[in-house]
Amino acid sequence: MTSTKNVFVPTANGIIEKSGVDHGEASGPRVGLRLTADQAAFILNKHELIPPICSPLTFTYVDRGFNNRTYVVRTEDPKAEFVIRLTGNCWTRMKTENEVAAISHLSSQTNLAPTLPTILAFSSSKERSGVGSEYIVMSKLRGVPLDEIFLGLSSMQKKKVLRGIAALLGEMKMLAFSSIGSLQFDDNDASSCGEGFKLVEDRGGSVYSRIVVGPGLEAGCGPFQTYLEYLRATCTTELKHLKGCPFLMEEQRDDESTSMTELIARIEKFVDVMCDPRRTKFGEDVTNVSIVFTHGDFEPRNMLVDEDTLEITGLVDFEFSGAFPEDDDWMAGFQWIGATTSEEEAFGDGEVNTAEILCRPNELSDLRAYFLQQCESLGVRTPQNITGHGTRALMYHFRGNIAPWWMREDITPTPPEWTPARSKARLRIAKVLDQFGF
């Protein structure tokens, strides 16, 4: 079952109190992010999802994920069950609207609607939300998170689940785009986004809007017409993060590599040359890159299954989804089945981390091959047959090692594992620069 904590039940007057509850995080994008039961009732009443004088609620905090907080709200009506997701303290407005737009677009343009949450309402404005946070209100999907049961399944049962996931990918990857970026609503367009679709939010009432490709969430700009434009922008953004982080800029006395000033200069020269279509050394690996719908976090914690039938009943967490190179999902997900192109593979500097693999060692190779074969039979290209995948995987992990996101926070004392991890990231960057002559 879904792991939960802090379950609240009505008091005698039907009001649920949440006093004394502290999520207990001192750092990260969820610090200070919390929802009371009264606030949940306010949101649902505001969007007319429950009657003004509602029946008593039960209110459950679901402790999963890193960037957001998720709550399940139930009324006496068993059909009235809602998920309220508070958006973390990063990427104001953009991340909330990207997730809403992505789910809406996928629901209207594919056959995946039964496995997607229905967006009931949202607010992408902390100031206008009424609760001090951006939020999304969604329907609750049935099923249990795949990461809670997959390891205990037989090989045959696992293959049934993998067939269902391959089918999801087959639908998703049919959505092609002409530019790279996150999805957003076109504020200049008043057309309907999907037949009969209505969004209710707090930037100005009801919104009927066309969904378009906009700036990339992580790049902070865009959209991009080519892969090289996208690579330049994401590397430039990572360099800004690097220069603004004292810990990552700190010189390591035990590190015999070049100084940070020299390393940054080498990275900047690499980006300037390699992202210029006239001077790049990448060749055909960066041309004619297919751009398709990308989930961005295809991990078992984001998939729901029916425990009895093993049918995929839900796919959630679309905050980093959008229109991206077709192999991005193979770098950002599928580690649990050994199908991701990991950092260790890309840099060739060690054994692949098996901590997140949810297969027994004696079945991993067979299940991985089976899954890739199922994907390819449905027209989904995989690392085995995507032209230029090796080069783009290297660049995906290259930019991720410029300023590793999990070491950017100002935490005192500095976690002891950060210093060797920082050194490893610098060595990986230097290795790529050496490889291409920079």
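Each value in this text was obtained by applying a stated rule to the coordinates, not by laboratory testing. Here the structure is a predicted model, which means the values were calculated and not measured. Quick reminder, even Gly has a Cβ in these numbers, built from the backbone with ideal geometry, and neighbours come from all protein chains shown.
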Can you put THR118, THR313, THR340 in order, fewest other beta carbons within 10 Å first?
THR118, THR313, THR340
Hey, what do the phi angles of segment 297-311 turn into as Karplus ³J(HN,Hα) couplings, whole Hz, using 6.51/-1.76/1.60 and θ = phi - 60°, x for Gly and Pro?
7, 7, 10, x, 5, 9, 10, 10, 9, 7, 5, 8, 9, 6, 6
Based on the alpha-carbon gyration tensor of segment 42-95 and its eigenvalue square roots a ≥ b ≥ c, which shape applies: rounded if a/c is under 1.5, prolate if not and a/b is larger than b/c, or oblate?
oblate
So which lysines can LYS140 reach, going by Cα to Cα under 30 Å and dropping same-chain residues fewer than 8 places off?
LYS5, LYS18, LYS46, LYS79, LYS95, LYS126, LYS158, LYS159, LYS160, LYS173, LYS198
Proxy exposure order for HIS47, HIS295 (fewest C-beta within 10 Å first) is HIS47, HIS295
Descending packing, highest mean Cβ count within 10 Å first, for 122-130, 97-105 is 97-105, 122-130
How would you rank TYR396, TYR230, going from fewest to most other Cβ atoms within 10 Å of each one's own Cβ?
TYR396, TYR230
Based on alpha-carbon centroids, what's the gap between segment 117-138 and segment 151-173 in Å, whole number please?
32 Å
A student applying the Cα gyration tensor rule (rounded when a/c is under 1.5; otherwise prolate if a/b is larger than b/c, oblate if not) would label segment 231-382 prolate
Listed by chain and number, the residues whose amide H is under 5 Å from that of ALA121, excluding neighbours fewer than 5 places away on the same chain and using placed H, are VAL137
Prolate/oblate/rounded label for segment 300-438 (Cα gyration tensor, a/c 1.5):
prolate
